[in-house]
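J.: Sharing a structure, written as structure tokens. Questions coming.
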Amino acid sequence: MIKIALIGHGVVGSGVAQLLEEKRESLEQKAGDRLYCAKILDLRDFPHTPYADRFTKDFDEIVSDPTIQIVVEAMGGLHPAYEFVKACLEKGKSVVTSNKELVAEKGAKLLRLAKEKNVNFFFEASVGGGIPIIRPMHLCLAANQIDKIYGILNGTTNFILTKMIKEQMTFQDALLLAQKLGYAEKDPSADVDGVDACRKICILASLAFGKQIYPQEVHTEGISQITLEDVEYAKNAGCALKLIGQAKRLSGEKCSVLVSPAFVPIDNQLSSIDDVFNGVLLKGDATGEVLFYGKGAGKLPTASAVVADIVHIAKSPHTSLSLTWENSDADLVADISKYENAFYYRLRGAISPKKAQKLWGPLTILSRKNQPEDEIAFITGRMPESNAAAIEKEMGEEAEILGKIRILA
Ligand code: HSE
């Protein structure tokens, strides 16, 4: 029997407990041993669950119990999750987590500690919820150098943008609906400001490039400035509007990592990933493009990924199977001013298409129904971000920038 402890009995933790109970027999077959949930740490009481007798409020009952081999951290947040996970690894327990903030901030340290202690630190559920992505990247794509990752990594913002595109809901109305349906938190900033997507692209980029990429190094924009006018122009340009996390290998040991809304051309597979679904498009140098698609959040999809990690550990309890990436002091992430992109602009002011072309070079001019006379919208050619900023400066007061969004190439 393999004894497991859960830290946190919220959405994910309770889903893990449920799957361990409901699928006990098939999991035993797959893991080669009985997976037994022995303890659950939570400050709340849950008298009506099948595990009611196994709850504790004392972390020490888990960390000091030598019979507990696997600890699932599903409490979220950086502290005390980091201290709890570190203490468990130090005691020689393998840890499974769904906590993207923890992995994005402390991944390298915890991976090193797991290696030292010859145990595992797994986090399949931290990106893409139920989509298998971490292990496929690490193992199934081992023969590849990953050169590019594009991801729709946040279900809440994808739901909001889908409502704006398909039902012409305003951002505010779509956000209220997302909150009503339980997708968005009361304070929705981590989702709508791109923070959650940033943590997830950091994890994927760290895995792809072998060095820890920290969220603080990544230029991150959210979706709260997107308007229905931008959505209409995107449609007329043959694109969908999505919040994209992207990471690319650049020449000279550098990489670009960015989170921002983007016009996604409809022939790109990510353009049709709607509602709360997530999608990740990878490019490996041997295999070419691979698309991962599925539910990026929710109780059972996320718990499914956690339980898969548990089964993997159960099959090899005493070896360190952990994937690795190292801590990095080097400036691996290039400055955003050097990234090359094409841009959509929506301007208000006395600026003619001819004048705009003079400033930005060849443009694709866009139009929409009921377009005011003093509004112009266009897509530029590709240029360094610093050039776009310099042109905006040169334009000065002649026009006001109402919208500026990158085009996914
Ligand atoms: N808030 C996240 C989302 C949950 O909307 O995708 C999963 O990480």
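J.: Does segment 111-124 include one or more residues that are touching a residue at least 24 places away in the same chain (Cβ under 8 Å), touching a Phe, Trp or Tyr at 6+ places or on another chain (Cβ under 7 Å) and either outside any helix (DSSP H, G or I) or open to solvent by 10 Å² or more (accessible area, probe 1.4 Å) (or both)?
T.: Checking segment 111-124: not a single residue is touching a residue at least 24 places away in the same chain (Cβ under 8 Å), touching a Phe, Trp or Tyr at 6+ places or on another chain (Cβ under 7 Å) and either outside any helix (DSSP H, G or I) or open to solvent by 10 Å² or more (accessible area, probe 1.4 Å) (or both).
J.: Can I ask one more? Considering only segment 350-374, how many residues are farther than 24 Å from Cys239 by Cβ and in contact with a helix residue (DSSP H, G or I) (Cβ under 7 Å, 6 or more places away or on another chain)?
T.: 1
J.: Taking the condition surrounded by 14 or more Cβ atoms within 10 Å (Cβ to Cβ) and in a helix (DSSP H, G or I), does Val306 pass?
T.: Yes.
J.: I'd like to check something: does segment 143-150 contain any residue that is more than 10 Å from the ligand (Cβ to nearest atom) and part of a helix (DSSP H, G or I)?
T.: No, that holds for no residue.
J.: Can I ask one more? All but one of (1) part of a helix (DSSP H, G or I); (2) within 21 Å of Gly245 (Cα to Cα); (3) open to solvent by 10 Å² or more (accessible area, probe 1.4 Å) hold for Gly130; state the number of the condition that does not hold.
T.: Of everything listed in (1) part of a helix (DSSP H, G or I); (2) within 21 Å of Gly245 (Cα to Cα); (3) open to solvent by 10 Å² or more (accessible area, probe 1.4 Å), Gly130 misses just condition (1).
J.: Could we say that Ser272 is surrounded by 20 or more Cβ atoms within 10 Å (Cβ to Cβ) and not hydrophobic (A, V, I, L, M, F, W, C) here? Walk me through how you get there before you give the answer.
T.: Details: surrounded by 20 or more Cβ atoms within 10 Å (Cβ to Cβ): no; not hydrophobic (A, V, I, L, M, F, W, C): yes.
Considered against the rule, which asks whether it is surrounded by 20 or more Cβ atoms within 10 Å (Cβ to Cβ) and not hydrophobic (A, V, I, L, M, F, W, C), Ser272 comes out as no.
J.: Check Ala205, Ala234, Ala178 and return the single one that is within 12 Å of the chain's Cα centre (by Cα), of a type in the set (Gly, Ala, Ser) and either within 12 Å of the ligand (Cβ to nearest atom) or in a helix (DSSP H, G or I) (or both).
T.: Working: Ala234 fails: within 12 Å of the chain's Cα centre (by Cα); Ala178 fails: within 12 Å of the chain's Cα centre (by Cα).
Testing whether each residue is within 12 Å of the chain's Cα centre (by Cα), of a type in the set (Gly, Ala, Ser) and either within 12 Å of the ligand (Cβ to nearest atom) or in a helix (DSSP H, G or I) (or both) leaves just Ala205.
J.: Please go through segment 117-171 and pick out each residue that is aliphatic (A, V, I, L, M), in contact with a Lys or Arg (Cβ under 7 Å, 6 or more places away or on another chain) and closer than 30 Å to Ile4 by Cα.
T.: Val119, Val127, Leu153
J.: Suppose we filter segment 336-347 for residues that are surrounded by fewer than 19 Cβ atoms within 10 Å (Cβ to Cβ) and among the charged types (D, E, K, R); how many remain?
T.: 2
J.: While we're looking at this one, here's another question. Taking Ile62 as meeting all but one of (1) open to solvent by less than 10 Å² (accessible area, probe 1.4 Å); (2) assigned to a strand (DSSP E or B), write down the number of the exception.
T.: Going through (1) open to solvent by less than 10 Å² (accessible area, probe 1.4 Å); (2) assigned to a strand (DSSP E or B) one by one, Ile62 breaks only (2).
J.: Would you pick out the residues in segment 133-142 that are in contact (Cβ under 8 Å) with a residue 24 or more places away in the chain and either assigned to a loop (DSSP other than H, G, I, E, B) or within 16 Å of the ligand (Cβ to nearest atom) (or both)?
T.: Across segment 133-142, the qualifying residues are Ile133, Ile134, Leu141.
J.: So how many residues does segment 368-385 have that are without any contact (Cβ under 8 Å) to a residue 60 or more places away in the chain and open to solvent by 50 Å² or more (accessible area, probe 1.4 Å)?
T.: 6
J.: Ala184 fails exactly one of the following numbered conditions: (1) hydrophobic (A, V, I, L, M, F, W, C); (2) within 24 Å of Ile133 (Cα to Cα); (3) touching a residue at least 60 places away in the same chain (Cβ under 8 Å); (4) not in a helix (DSSP H, G or I). What is the number of that condition?
T.: Among (1) hydrophobic (A, V, I, L, M, F, W, C); (2) within 24 Å of Ile133 (Cα to Cα); (3) touching a residue at least 60 places away in the same chain (Cβ under 8 Å); (4) not in a helix (DSSP H, G or I), the lone unmet condition for Ala184 is (3).
J.: Do you know which of the residues in segment 151-201 that are surrounded by 24 or more Cβ atoms within 10 Å (Cβ to Cβ) and of a type in the set (Lys, Arg) is farthest from Ser272 (Cα to Cα)?
T.: For segment 151-201, the residue satisfying everything is Arg199.
J.: I've got another one for you. Hey, can you tell me all the residues within segment 85-102 that are in a helix (DSSP H, G or I) and open to solvent by 40 Å² or more (accessible area, probe 1.4 Å)?
T.: Scanning segment 85-102 gives Lys86, Glu90, Lys100, Glu101.
J.: All but one of (1) open to solvent by 20 Å² or more (accessible area, probe 1.4 Å); (2) within 16 Å of the ligand (Cβ to nearest atom) hold for Gly296; which doesn't?
T.: With respect to (1) open to solvent by 20 Å² or more (accessible area, probe 1.4 Å); (2) within 16 Å of the ligand (Cβ to nearest atom), Gly296 is out only on (1).
J.: A further question on this structure: I need the full set of residues from segment 348-367 which are open to solvent by less than 50 Å² (accessible area, probe 1.4 Å) and outside any strand (DSSP E or B), in order please.
T.: If the condition is that a residue be open to solvent by less than 50 Å² (accessible area, probe 1.4 Å) and outside any strand (DSSP E or B), then Ile351, Ala356, Leu359, Trp360, Gly361, Leu363 are the ones that fit.
J.: Within the set of pairs 6+ apart or on separate chains, which have a first residue in segment 16-29 that is over 22 Å from Met75 (Cα atoms), a second that is open to solvent by less than 80 Å² (accessible area, probe 1.4 Å) and part of a helix (DSSP H, G or I), and C-beta atoms under 9 Å apart?
T.: Final answer for the pair search is Lys23/Val307; Leu27/Leu19; Leu27/Leu20; Leu27/Val307; Leu27/Ile310; Leu27/Val311; Leu27/Ala314.
J.: For residues that are over 19 Å from Ser271 (Cα atoms) and small (Gly, Ala, Ser), scanning just segment 181-202, find the one that is farthest from the chain's Cα centre (by Cα).
T.: Checking each candidate, the answer is Gly182.
J.: Going through Thr157, Thr170, Thr227, Thr162 one at a time, which residue ends up being more than 30 Å from Ser320 (Cα to Cα) and free of Cβ contacts under 8 Å to residues at least 60 places away in the same chain? Reasoning before the result, please.
T.: Working: Thr157 fails: free of Cβ contacts under 8 Å to residues at least 60 places away in the same chain; Thr227 fails: free of Cβ contacts under 8 Å to residues at least 60 places away in the same chain; Thr162 fails: free of Cβ contacts under 8 Å to residues at least 60 places away in the same chain.
None of the others qualify; the one that does is Thr170.
J.: Determine which single condition Lys404 fails, assuming it passes every other condition in (1) open to solvent by 70 Å² or more (accessible area, probe 1.4 Å); (2) modelled with pLDDT under 95.
T.: Of everything listed in (1) open to solvent by 70 Å² or more (accessible area, probe 1.4 Å); (2) modelled with pLDDT under 95, Lys404 misses just condition (2).
J.: Is one or more of the residues making up segment 309-325 within 16 Å of the ligand (Cβ to nearest atom) and aliphatic (A, V, I, L, M)?
T.: no
The values are calculated or read from the model by the stated rules, or taken from the named source; none is laboratory data. Computed from a predicted structure; not experimentally measured. We place every Cβ from the backbone using ideal geometry, glycine too, and count neighbours over all the protein chains shown. Just the protein is used for accessible areas: all its heavy atoms, side chains included, with ligands, DNA and RNA removed. Shrake-Rupley method; radii C 1.70, N 1.55, O 1.52, S 1.80 Å.
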